[in-house]
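Student: Have a look at this one.
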Amino acid sequence: MSETPEMPAAPMPGSELAIRATELDAADPLAAVRERFVLDDTVYLDGNSLGALPRAVPGRIADVVAREWGELRIRSWTESGWWTAPERIGDKIAPLIGAGPGRVVVGDSTSVNIFKAVVGGVRMAGKGCTEILVDATTFPTDGYIARSAARMTGLAVRPVEPARIADEVTERTAVALVNHVDYRTGRLNDLPSITTALHSAGALAIWDLCHSAGALPVGLDAHGVDLAVGCTYKYLNGGPGSPAYLYVREGLQERFESPLPGWNSHADPFAMDPGYTPGDGIVRGRVGTPDILSLLALEAALEAWDGVSMDDVRAKSLALTDFFLECVAAHVPPGRVRSVTPADHRQRGSQVALQCPGAGEVMDELIRRGVVGDFRHPDVLRFGFTPLYTSFADAERAARVLGEVLGAQPDAVAPGTVG
């Protein structure tokens, strides 16, 4: 488990915390961005699973359905820009993950893009490689895909804790698949140093950005990341099941060989040539006909990022999570929860995970009382803080309601808690 963040020795009274939340919201440079989303009086802290609906989306989709599909029909592939949407929307995501134009393509699911990245990475690796390293704390699907890719390519999979990758990588390692942020604890893994260590051994770095893109600066180009994948329905607010994206470093694009060579990535897709010739650049990451309705909903959702600085996003994320932990210390009875999210800002994503006995029932009650987070087996309450629309008042209210819920239950001390 991660270290427990230090709680204030003398927590501020609840009324003073509420006043401070109001002051912090008044000084927040991102406060006005909240109006770009459809929200109600619920405290919504589950944007790390499904982002809130941006106001620009319903009208855009209505136009796509009624005019582009309903009136223009097939003409919209050219006249409405449907054909170029995967790369165009990729270029809108690129600045949010520190990538230049032409390095991100949108389409397919996260799992499919992980498969493309892992197999494509193995094919670019040096001769004599025998293994794929996989983040031992990874989201399960990443491991499933890596093992399938290993069976297909004749390599072995070796799970390694992210902090141990620099010590464990060898000249036999083809690629390493690592989560930027641990989905369960919110721990931020060291992308720059892990990438450097992999490159020093001749291996390629593949990063899963599902829990970091849109929550903190990533710096793919600056840190020489080889391939990356991510979903768009969490902090990017693209909607349920919105398409994922694939990043391929510019210097690798002409060597990248997708294991799924669909007609959409062909150099001349409408030639219907039985022989496959890959297109140039990031187009190689495409496969089949894109999901236009979801793609264009995502494009509209990304308008919420207009004028937003990722540095401001990161600053607010850290301030929100710090303030929430302070409020938890003030409102929650001593010894009832333990944070498993790192205290060190350099190791923290944009969520707080609290270990709590009976966490499933506690979260059910929180939701009934208007505070929506989520639960991860066996005992973790997970609260995601989306800086574009989460307020400091939300953080204070969530901690206060959590204190009310736990205060009404029989005493049960969280493991490892001092209280």
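The values are calculated or read from the model by the stated rules, or taken from the named source; none is laboratory data. Since the model is a prediction, treat every value here as computed from it, not as a measurement. Here the Cβ is made from the backbone with ideal geometry for all residues, glycine too, and neighbour counts use every protein chain on show. Ligands, DNA and RNA are excluded from the accessible area calculation, which covers all protein heavy atoms including side chains. Shrake-Rupley method; radii C 1.70, N 1.55, O 1.52, S 1.80 Å.
Student: Tell me which residues, restricted to the stretch 233-288, are touching a Lys or Arg at 6+ places or on another chain (Cβ under 8 Å) and outside any loop (DSSP other than H, G, I, E, B).
Tutor: Leu246, Tyr247, Val248, Glu250, Asn264, Ser265, Pro278, Ile282, Gly285 - these are the residues of the stretch 233-288 that are touching a Lys or Arg at 6+ places or on another chain (Cβ under 8 Å) and outside any loop (DSSP other than H, G, I, E, B).
Student: Can you give me the ranges of the helices (runs of 4 or more DSSP H) entirely in the stretch 48-145 with at least 2 residues that are basic (Lys, Arg)? Let's see the steps before the verdict.
Tutor: On the way: elements: 56-63, 76-79, 85-93, 110-124.
Fully inside the stretch 48-145 and qualifying: 85-93, 110-124.
Student: A further question follows. Would a scan of the stretch 113-120 turn up a residue that is touching a Gly at 6+ places or on another chain (Cβ under 8 Å) and in contact (Cβ under 8 Å) with a residue 24 or more places away in the chain?
Tutor: Here is the first cut: in the stretch 113-120, the residues touching a Gly at 6+ places or on another chain (Cβ under 8 Å) are 113, 116.
Checking the rest, the ones that are also in contact (Cβ under 8 Å) with a residue 24 or more places away in the chain come to 113, 116.
Yes, that holds for at least one residue.
Student: In addition: Name the one entry in Gly251, Gly285, Gly239 that is at pLDDT 95 or above and loosely packed, with under 15 Cβ neighbours inside 10 Å. Even if it seems obvious, please write down each step before you answer.
Tutor: On the way: Gly285 fails: loosely packed, with under 15 Cβ neighbours inside 10 Å; Gly239 fails: loosely packed, with under 15 Cβ neighbours inside 10 Å.
Going through Gly251, Gly285, Gly239 in turn, just one is at pLDDT 95 or above and loosely packed, with under 15 Cβ neighbours inside 10 Å: Gly251.
Student: To continue, here is another question. Leu381: among the hydrophobic types (A, V, I, L, M, F, W, C) and more than 19 Å from Thr42 (Cα to Cα), yes or no?
Tutor: Working: among the hydrophobic types (A, V, I, L, M, F, W, C): yes; more than 19 Å from Thr42 (Cα to Cα): no.
Taking the combined requirement at face value, the residue does not satisfy it.
Student: Residues Ala205, Ala215: which one is open to solvent by less than 10 Å² (accessible area, probe 1.4 Å), farther than 26 Å from Gly281 by Cα and either assigned to a strand (DSSP E or B) or of a type in the set (A, V, I, L, M) (or both)?
Tutor: Working: Ala205 fails: farther than 26 Å from Gly281 by Cα.
Matching residue, one of Ala205, Ala215: Ala215.
Student: If I filter the stretch 63-102 down to residues being surrounded by fewer than 14 Cβ atoms within 10 Å (Cβ to Cβ) and acidic (Asp, Glu), which single residue comes out as nearest to Asp221 (Cα to Cα)?
Tutor: Once the filter is applied, the top-ranked residue is Glu79.
Student: Select from the stretch 218-236 the residues that are of a type in the set (A, V, I, L, M), over 27 Å from Thr130 (Cα atoms) and crowded, with 24+ Cβ neighbours inside 10 Å and list them in ascending order. Can you show your working first?
Tutor: Filtering the stretch 218-236 for residues of a type in the set (A, V, I, L, M) gives 218, 220, 222, 225, 227-229, 236.
Still in the list and also over 27 Å from Thr130 (Cα atoms): 218, 222, 236.
Answer for the stretch 218-236, where residues must be of a type in the set (A, V, I, L, M), over 27 Å from Thr130 (Cα atoms) and crowded, with 24+ Cβ neighbours inside 10 Å: Val218, Leu236.
Student: When you check Gly360 against the structure, is it surrounded by fewer than 24 Cβ atoms within 10 Å (Cβ to Cβ) and in contact with a Phe, Trp or Tyr (Cβ under 6 Å, 6 or more places away or on another chain), yes or no? Full working, then the answer.
Tutor: Values: surrounded by fewer than 24 Cβ atoms within 10 Å (Cβ to Cβ): yes; in contact with a Phe, Trp or Tyr (Cβ under 6 Å, 6 or more places away or on another chain): yes.
Here the answer is yes, as Gly360 does meet what is asked.
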